[in-house]
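What follows is calculated from the coordinates using simple rules that are stated; it is not laboratory data. In this text the structure is predicted, and so the values were computed from the model without any measurement. Reconstructed Cβ throughout: ideal geometry from the backbone, glycine too, with neighbour counts over all protein chains shown.
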Amino acid sequence: MATRTDFGPPNYKELIPPVVAKNYGQWKYHERVKPGVLKHVAESGDELYTVRVGSSRLVSTDWIREVCEIADKFCGGHLRFTSRHNLEFLVSDKEQLEPLLQYLKDHGYPVGGTGHAISNPVHTQGWIHCHTPATDASGIVKAVMDDLFEYFVDWKLPAYCRISLACCLNMCGAVHCSDIAILGIHRKPPHINHDIVRAKCEIPNVIAACPTGAIRPDPKNKSLTVNEEKCMYCGNCYTMCPGMPLADPLGDGVSIWVGGKISSARTPPKFSRLVIPYLPNNPPRWPEVTSAVRNIVETWAKHARKHERMGEWIDRIGWERFFDLTGIPFTVQLIDDFTMATETFRSTPTFKW
Amino acid sequence: MTNAKDTETPLLDQLEEGPWPSFVKEIKRAAEDNASAKDLLRQLERSYNDKIGHWKHGGIVGVRGYGGGVIGRYSDLPEEFPAVAEFHTLRVNHPSGWFYTTEKLRQLCDVWDKHGSGLTNLHGATGDIILLGAPTDALQPCFDDLAEIDFDLGGSGSDMRTPSCCVGPARCEYACIDTLDILYSITMEFQDELHRPMFPYKSKIKIAGCPNDCVASVARSDFSLIGTWRDNIRINPDEVAKYANDGLDIQSEVVALCPTGCMHWDAATKTLTIDNAECNRCMHCLNLMPKALQIGMERGATLLVGGKAPIVHGALLSWVIVPFMKMEPPYDELKDLIRRIWEWWDENGKMRERLGELINRLGMRNFLKAVGLPPVPQMIRAPRANPYYFWDPEEVK
C-alpha cells in the first residue's frame, strides 16, 4: 500500500467546541475574572470561561489522558493549548467553573499566567533531547518557577512578565524578545577532531557558517583551523560539522537577558539585552540563576509604574539606574562588539550618576 | 515521593518537589511501563552529574515520501543506556489554534504508547506536537498509524516549518483576521514546501490576529502576518463611563500611556475621544477597556518579513513590507506574494541564509524591486542618514 502523504493537520473546524463554532468571530469582550481565569462574552450573549493551567511542557501520555478526563467531565470533551505550553480548559457551562477550579486545586494543577503575572516559560529541550545544548532547559525552568510560583498564580506585578529559556544560541522559541531570557552559552572555542572533519564535513560550508570569520581552511590536514581570538562560541560550526564540539562542563553555563517584548502595546517590540554574561551550570536547582531572576523580577516590581513592562521601565529609568537598583555588576561583556554595536553606544553627556 | 528504588537518580529526584509541575514525575510515569523513558531518566541524571549533554550530533532518519518531520537522535552512551541508543523525534503538525477533542488526543496517545516512549511536548516552540523518542524501525509504522488518525508530520530542516497562529476569532474579540483559517489554508497550500526541504534554510510563517502578537510572530518568523484595521476604533460611551466608575484611572492608565497622544479624556463629562487618524493601533487602550473599545470594521493584515533568532548573523525583528492586505479566502494575494519572496530567496540566498539576512545583504531596495512592492513610509522608522545611495541609470536621464 502506498503511504498516504501531504494530507495536512486535522481540520480545526472538527475540533473546536460548539460554543466556539457558534460564536466564531463574534466575540464582543472579555474580563479577567481572577488569575488564570478569563471570561469571554459573545455578541449572542454566550459566555465562555477559560481556565489556564501551567504544564511542564514535557508530559507523558498518562498526563494527557488525565487532562482528557478532566475535559470530559467539565468541558464537554474539548480543550486547547497555548503557544507557551499552557493547557486551557474551555468552560461553556458557568456551573462547572467553580467545581473545575476546585478539582484542579485538589489535584495540584497550577492555575494562573494571565494578566499581570509571570506566564509559563517558553523553553527548549536542553540535555533531555538536544544535541547542541549548553545547559538543561526543563530543570532550570522547574527551579525558577518553583521559586517564582507566587507570581504565576497571583497578580502582584506591575505588568505582564514573560520568562523564556533557550539552551543554546539557536534559540528555539522567541527568547530574544522576553522580559527575562535565560540563555545557555558556551565559553570555549570548538576542539577540532580532524578525523571527523575530514570524514563528515563540507569544509566550505563550515567556513561560511562562522559569523566572525574565525574559521580557515587547513589544507595540509585537509581540515580546518579556528582563530580562537575571533571565536565567540556561537556553536554554528558544530551545527554544520560534528567534528567541532564546543560543549564543556567548565565552559558551559547560563546568561541572563532582560527588557524584551513582543506586543506592540504602547511601545514597539524590542530585543532583550544582556545583563549577566555567565552563571554556572549548577544542577539540579541552579540556585545562582533562580536568585538572579528573582532579584530582577522583584526590583522591577518594586520600582515600575503600573502597566510598565520590564523594558519600558528600563527605558524610562536608564540602564545605569537598572544596574544600580539591581546591584548587578557591569562587565565588559555587556558592551556590544558585534555588527550593530555602535547603535548601542551613548552619544550624549545626559546620563545619571 | 522518594524511595529506595529511586536513588538511582538522586539529583533529578529533587526536581519532583515544589509547586510547579515536574517533568521528572512525567518521565517517571512514562518509565513505569517504557524502558526508553527509564533510560532517558538515567541518561539525564548522568548529564546532571557531568554537566554536559549525552546525545550524538544529528542523524538522518525519516519516513517514506518526506525529507523532514523526523529528527534523528542517538545516545553517545548507547551501551550504558541501550533503550535510548536510538531516540528520534517526530514533529506532528498541530491543528490550528491547538484545539483538540479528547477523542483525538486519546487516539494520539494510543499511537504513541504503541510505538514510542510515551513522552511528548505539548507543544514544541514552533508549534508542533513533539513525539519524543522512538527507535528507527518504529518511525514508519508510527507515521502510518498517525496517518490513520489524520495526523500528518510537520517541518524540519531547510523547509517551510510548521506555521502557527494565535487563538484568533475562535475566542478573541481582537481578531482582525481569521488566523485559524488562514493557517489551515496556507498549510494545505504549501504541503510540498513543508515536507520536502529544498530552501537555503528554514522558513517560518506565523499569524497573529492583532498587534498584541500572542504567537510572537514578529520575533520568530520570516513571514509575520499581523491583523490590523484601517478605520476607527468603536467606542461605547456608557461602558467607558462604567470603567471610570469602577476605578480605572482613564487619564493616567490609558490616555497618558497612548504612544501617539491621540486620545482625550474629559473627566467632568466622562467622555473619551480618539483622533483615529493619529492612532497607530498599538492595542494598549483596547487591552485595558475591552468592553468599551473595539477594533475597527475595515480589517486586514500587515505583512512583515525577516524575523529570526541569532544564528547566523544576529537576531532580527520582522520589517513591514505590506502595510495593509485584505484577508479573504482563498488568500491568493498572500500566497502569491509568499511564493514570489521564496523564489527570490531561493535564487539569491546562500546556504543557511535566512530571508532577513539576505534582505540585509542585498538591500531592501533590491528586494522590493524583485518582488514588485512599492516603497512606502510605513516600512521605515526613519530615512537613511548617510549619502551612500544608488540610482538606476534609467532614472538619470
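Here are a few things to note about the model shown:
- Expressed in Å, the radius of gyration and Dmax of the Cα atoms of the range B:1-95 are 15.2, 48.
- Rounded to two decimals, the Cα radius of gyration of the range B:193-275 over 2.2 N^0.38 Å is 1.67.
- Number of partner chain Cβ atoms within 10 Å, mean per residue of A:132-139: 5
- When only alpha carbons of the range A:287-345 are considered, Rg and Dmax amount to 13.0, 35 Å.
- Computed over every Cα-Cα pair of chain A and binned at 20 Å starting from 0, the pair-distance distribution P(r) comes out as 25, 49, 24, 2 percent.
- Computed E for A:Thr348/A:Arg294 - FRET, C-beta separation, R0 35 angstrom, nearest 0.05: 0.55
- Over every Cα atom in the range B:120-177, the radius of gyration and the widest Cα-Cα span, Dmax, amount to 14.8, 47 Å.
- 0 to 90° range, to nearest 10: angle between helix B:136-148 axis and chain B longest Cα axis: 50
- Label point distance in nm, A:Glu69-B:Glu148, each placed 7 Å from Cα along Cα→Cβ: 2.5
- Shielding value for B:291-303 is 1, the average number of Cβ atoms from other chains within 10 Å of each residue's Cβ.
- Taking B:Val376, A:Val37 and counting other C-beta atoms within 10 Å, the order from fewest to most: B:Val376, A:Val37
- For a 4.7 Å threshold on C-beta separation, the list of partnerless cysteines in chain A reads A:Cys68, A:Cys75, A:Cys130, A:Cys161, A:Cys167, A:Cys168, A:Cys172, A:Cys177, A:Cys210, A:Cys231, A:Cys234, A:Cys237.
- Shape index of chain B: Rg/Rh, with Rg the Cα radius of gyration and Rh the Kirkwood radius from the inverse mean 1/r over Cα pairs, equals 1.04.
- Residue order, fewest to most surrounding Cβ atoms within 10 angstrom, among B:Glu173, B:Glu79, A:Glu320: B:Glu79, A:Glu320, B:Glu173
- Only aspartates and glutamates eight or more places from B:Lys270 in sequence, or on another chain, were considered; those with a Cα closer than 12 Å are B:Asp238, B:Glu239, B:Asp249.
- Gaussian network model of chain B, springs between alpha carbon atoms under 10 Å - residue of B:Leu257, B:Leu303, B:Leu316 with greatest fluctuation: B:Leu257
- In units of the compact-protein estimate 2.2 N^0.38 Å, the range B:262-374 shows a Cα radius of gyration of 1.45.
- Filter on A:Lys105/B:Lys28; A:Lys142/B:Lys202; B:Lys25/B:Lys114; A:Lys39/A:Lys156 - keep pairs with C-alpha separation over 27 Å: A:Lys142/B:Lys202
- Shielding by partners, peptide A:174-181 (average Cβ within 10 angstrom, other chains): 5
- Cα gyration tensor shape of the protein assembly as shown, rounded if a/c is under 1.5, else prolate or oblate by comparing a/b with b/c: rounded
- Per-residue ellipticity at 222 nm, computed for chain A from helices alone with -39500 (n - 2.57) per DSSP H run of at least four residues, works out to -7500 deg cm²/dmol.
- Diffusion coefficient, µm² s⁻¹, Stokes-Einstein with Kirkwood Rh over alpha-carbon pairs of the range B:26-66 at 20 °C and 1.002 mPa s: 177
- Across A:Lys188/A:Lys302; A:Lys261/A:Lys352; A:Lys13/B:Lys335, pairs whose alpha-carbon gap is larger than 28 Å: A:Lys188/A:Lys302
- The three principal axes of the C-alpha atoms in the range B:78-207 carry coordinate ranges of 54, 39, 25 Å, sorted with the longest axis first.
- Coil-residue trypsin sites (Lys or Arg not before Pro) of the range B:203-279, DSSP, other Cβ within 10 Å capped at 15: B:Arg230
- The fewest-to-most ranking of A:Thr290, B:Thr136, B:Thr9 by surrounding Cβ atoms within 10 Å reads B:Thr136, A:Thr290, B:Thr9.
- Rg/Rg_ref, the range B:129-286, where Rg_ref = 2.2 N^0.38 Å and atoms are Cα: 1.47
- With all projection directions averaged, the alpha carbon convex hull of the range B:42-129 covers 7.2 nm².
- Here the spin labels are modelled as points 7 Å beyond Cα on the Cα-Cβ line, and at B:Asp392 and A:Ile335 they lie 4.5 nm apart.
- Length gained on full extension, B:Glu32 to B:Arg340, computed as 0.36 nm times the residue gap minus the Cα-Cα distance: 105.7 nm.
- Computed from the C-beta positions of A:Asn11 and B:Asp266, the FRET efficiency with R₀ = 51 Å rounds to 0.55.
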